[in-house]
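Let me begin by presenting the structure, written as structure tokens, before commenting on it.
The values are calculated or read from the model by the stated rules, or taken from the named source; none is laboratory data. From a predicted model like this one, the values you see are computed outputs, not experimental measurements. Glycine also receives a Cβ, built like all others from the backbone with ideal geometry; neighbour counts cover every protein chain displayed. With ligands, DNA and RNA removed, areas are computed over all heavy atoms of the protein, side chains included. Shrake-Rupley method; radii C 1.70, N 1.55, O 1.52, S 1.80 Å.
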Amino acid sequence: MIVDFSTTKYTDARLSTKANHIIDKMDGNPNFVDIQHLLALLRQATTTYIALLAKTQSGSKEATALKNQAREALIAVLKKIAARVQNISDGDRTLILSSGYDVNKKWSKVGPLSKPVNFRLQQGSNKGSIDLVCDPIAGASIYEVEYTEGNPTPNSRWMKQTSTKRKITIANLTSGKQYTFRMAGGGSHPSRIWSEVLSSYVL
């Protein structure tokens with residue numbers, strides 16, 4: 001649950017908007033019946049803050065100081081309610097969001113992506129080229145193809161080509177020579193799960 005109401009996250013105007021949003025979401029919310037009485041404090045703090053914020057347009061240092069005090073008072077109430085929301089919701093994201101407060105983005109570990117499905121090749125439109133493609137891979141931000149001359153051995157030297165698209169054309173191959181290809185999807189995880197290899201002579 002996010003309880004950061006600092007100026008780097010909320011400007012003065014955005015803070016008042018957020019406070020009013022929480023009031024609207026919390027008012028009569030059956031998930032938080034036990035803390036409805038705190039809304040009166042939040043309404044009062046928000047009303048005071050908005051009024052003093054409007055007075056800062058005069059440029060007066062005193063008006064700015066009073067606004068800053070009201071901002072701190074409003075944040076204190078927001079954090080007090082947030083603590084109760086967190087306790088009642090027991091971390092349930094849906095309940096927290098129903099209160100108008102924000103939650104942190106769900107963190108999930110991203111492992112190696114799935115093995116390519118339906119990996120296939122065909123002769124390219126230009127001499128000495130091969131087109132390679134596979135079905136979309138969930139989570140892939142790039143697609144990688146590795147290829148080597150002839151049939152692969154433990155000592156084969158694999159060359160690589162990368163693209164943001166799942167169809168990759170390998171050009172400048174030697175016509176009449178056999179090559180072997182494999183493909184993988186790439187994401188934030190460094191590991192790759194390669195497709196089955198495909199071999200073909202290049203026209």
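List, please: which pairs have Cβ atoms under 9 Å, are six or more places apart or on different chains, and start with a residue in segment 49-67 that is under 22 Å from Asn20 (Cβ atoms) and end with one that is of a type in the set (Phe, Trp, Tyr)?
Lys67/Tyr49
Checking the condition open to solvent by 50 Å² or more (accessible area, probe 1.4 Å), within 26 Å of Asp90 (Cβ to Cβ) and not hydrophobic (A, V, I, L, M, F, W, C), which residue from Asn68, Asn31 passes?
Asn31
Kindly evaluate Asp131 against the criterion of being assigned to a loop (DSSP other than H, G, I, E, B) and under 24 Å from Lys167 (Cβ atoms).
No.
When you look at Ala45, is it aliphatic (A, V, I, L, M) and either closer than 19 Å to Val103 by Cα or surrounded by 17 or more Cβ atoms within 10 Å (Cβ to Cβ) (or both), yes or no?
yes
Take the conditions free of Cβ contacts under 8 Å to residues at least 12 places away in the same chain and either within 16 Å of Gly139 (Cα to Cα) or not aliphatic (A, V, I, L, M) (or both) and apply them to Thr153. Does it pass?
yes
State all residues of segment 108-123 that are open to solvent by less than 50 Å² (accessible area, probe 1.4 Å) and modelled with pLDDT under 95; if no residue qualifies, say none.
Across segment 108-123, the qualifying residues are Gly111, Leu113.
Enumerate the pairs (first residue in segment 71-100 and over 16 Å from Val33 (Cα atoms); second residue anywhere and assigned to a helix (DSSP H, G or I) and of a type in the set (Asp, Glu)) with beta-carbon separation below 7 Å, excluding pairs fewer than 6 apart on the same chain, so at least 6 apart or on different chains.
Arg71/Asp12
Which residue is modelled with the highest pLDDT, if the candidates are limited to segment 84-107 and must be open to solvent by 80 Å² or more (accessible area, probe 1.4 Å) and within 20 Å of the chain's Cα centre (by Cα)?
Filtering first and then ranking leaves Leu97.
Suppose we filter segment 1-26 for residues that are acidic (Asp, Glu) and in contact with a helix residue (DSSP H, G or I) (Cβ under 6 Å, 6 or more places away or on another chain); how many remain?
1
Would you confirm whether any residue within segment 8-23 is open to solvent by 50 Å² or more (accessible area, probe 1.4 Å) and among the acidic types (Asp, Glu)?
Looking through segment 8-23, none of the residues is open to solvent by 50 Å² or more (accessible area, probe 1.4 Å) and among the acidic types (Asp, Glu).
Please work out which one of (1) loosely packed, with under 13 Cβ neighbours inside 10 Å; (2) in contact with a Leu (Cβ under 6 Å, 6 or more places away or on another chain) is the condition His37 fails and give its number.
(2)
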